[in-house]
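I have placed the structure first, in the form of structure tokens, so that the comments after it can refer back to it.
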Amino acid sequence: MELAKGTMQLVGHEAVHKLRQNLSLDSFRSGGSIANSLAHLSELGASCQFVGKVARDDTGARFTNDLKQLGIKLTTRPLQDGSTSARCYIFVTPDGQRTMCTYLGASSMLSTTDLDEEAIRDASCMFVEGYLWYSATARELIYESSKIARSLGTNIAFSLSDPVLVDSFRSELQPYVEENVDILFANELEAEQLFCTNGAKETVCALSQKVNTLVMTQGAAGSVVAAEGQIFDRPAVSVPNVVDTTGAGDAYAAGILFGLSRNKPIPNCMEIASRIAAEVIQHIGGRSDRQLGQTEQSEAISWQRSLQLQQPNDRVSIADFKHSGFFMV
């Protein structure tokens, strides 16, 4: 099997079974892009609900239990029969880059029957994972959920997830983003793919005209946020050793959303996000090895106090969140 470094490739049940038989796993952990973001948000003190489909198997039970231990609400009913729970095998090279081989399984069975309008009504933000675009029934759920969120004034955040996905579904993703998304998360390559731009400057200029807030990560080069006609950039936090970049973008998104939910200026949000992402890349796996609630939450408060960035123009209008809840599709 040939994999493009730094990307995600979908495989079927038979292929993932053969892959597992020929692999010696270093660790087995709950994950998933949005689930990782929720883990960080919950540890920082946000109230979260996850919408996603697992099967009635050991993997699904472990995933569900891990969310519950983090205090994340999960009301979606497990798949009764058919596919097994999703699995993702992640290969990490010595430079810390991750390459993923994913079996969607039960997660691709998410549909409009799993719609929770009450959760959308109660949430400050609905955060949608781009990976779900691979599933036709999940796309229907995204469209319907977004329609409800728009009617209720609930903010919609969206992660482009993967450059291959963006290239495959560009004709659908372009109008969806323009018509629905308030906060767009992407790395530089994903962002370039969406509107076929070239280079960070052109990409930021183009996408900032399409969404209220663009959050673009650039790996070791840092990150850029464009909001309300302003562009903010920040270098990455220096770490002694990059072990695994899995989940770095998920952690960064959590930091941004956490800061916005507290009506913090963009530079403060980027500070929090960068520090959480820097913690994640120093160990294997997409989540922290320690409880963020005890450390990053207190640090977040100290950052917010010490930075003293209180200029009115540094605030974004979409940060008028109803409360600190997050509903995730």
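Bear in mind these aren't lab numbers, they're just calculated from the coordinates by the rules spelled out. Computed from a predicted model, the values in this text were never measured in an experiment. Cβ: placed from backbone, ideal geometry, glycine included. Neighbour counts: every protein chain shown.
Rounded to the nearest 10 degrees, what's the angle between the helix 33-44 long axis and the longest principal axis of the chain, both from Cα atoms, 0 to 90? Orientation of helix 33-44: about 50 degrees from the principal axis. What percent do you get for the relative contact order of segment 96-224 when only Cα pairs under 8 Å and 6+ apart count? Reported as a whole number, the value is 19 percent. Tilt of helix 136-152 relative to the longest C-alpha principal axis of the chain, in degrees (0 to 90, nearest 10)? For 136-152 against the chain, the angle is about 30 degrees. Magnitude of the charge dipole for the chain, about its Cα centre and with charges confined to Cβ atoms of Lys, Arg (+1) and Asp, Glu (-1), is about 500 debye. Taking the C-alpha atoms only, the angle from helix 266-280 to the longest principal axis of the chain is near 30 degrees. Students often get this wrong: which residues of segment 226-252 have the backbone nitrogen under 13 Å from the point 7 angstrom along Cα-to-C-beta of HIS283? Under cut-off, by backbone N: 243-244.
In the chain, the calculated helix contribution to ellipticity at 222 nm averages -12500 deg cm²/dmol per residue, counting -39,500 (n - 2.57) for every DSSP H run with n ≥ 4.
Put the Cα centre of segment 168-209 next to the Cα centre of segment 28-67 and the gap is 27 Å. In a GNM of the chain with a 10 Å cut-off on Cα contacts, which of ASP122, ASP244, ASP58 has the highest mean-square fluctuation? Comparing ASP122, ASP244, ASP58 in the GNM, the peak value goes to ASP58.
At q = 0.25, 0.29 Å⁻¹ the log10 of I(q)/I(0) for segment 200-248 amounts to -0.91, -1.09, computed by Debye summation with a single uniform scatterer per C-alpha, solvent ignored.
D by Stokes-Einstein for segment 84-174, Kirkwood Rh over Cα pairs, 25 °C, 0.890 mPa s: 168 µm²/s. Globularity index of the chain is 0.93 (Cα radius of gyration / 2.2 N^0.38 Å, N = number of residues). Note on the chain: antiparallel DSSP beta bridges, both residues inside, total approximately 40 percent of the bridges counted.
Think of segment 137-195 as having a plus end and a minus end, set by charges on the Cβ of Lys, Arg, Asp and Glu; of LEU141, ASN187, VAL166, LEU141 sits farthest toward the positive end of this dipole. What shape does segment 51-130 take by its C-alpha gyration tensor, where a ≥ b ≥ c are the square roots of the eigenvalues and a/c under 1.5 counts as rounded, a/b above b/c as prolate, and the rest as oblate? Prolate, because a/c is 1.5 or more and a/b exceeds b/c. In the chain, Cα pairs under 8 Å separated by at least six residues give a relative contact order of 21 percent.
Sorting the Cα pairs of segment 3-143 by distance into bins of 5 Å, from 0 upward, gives 2, 9, 17, 22, 21, 16, 8, 3, 1, 0 percent per bin.
What's the extension gain from LEU152 to GLU140 if we count 0.36 nm per residue and subtract their Cα-Cα distance? Please list the in-between numbers first.
Numbers: separation 12, 0.36 × 12 = 4.32 nm, distance 1.86 nm.
Working it through step by step, the gained length comes to 2.5 nm.
One quarter of the surface of the convex hull around the alpha-carbon atoms of segment 188-285 equals 6.0 nm², the direction-averaged projected area. Distance from a point 7 Å along Cα→Cβ of LEU19 to each backbone N in segment 62-97: keep the residues under 13 Å and list them by number. Within reach of a label on LEU19: 86-92.
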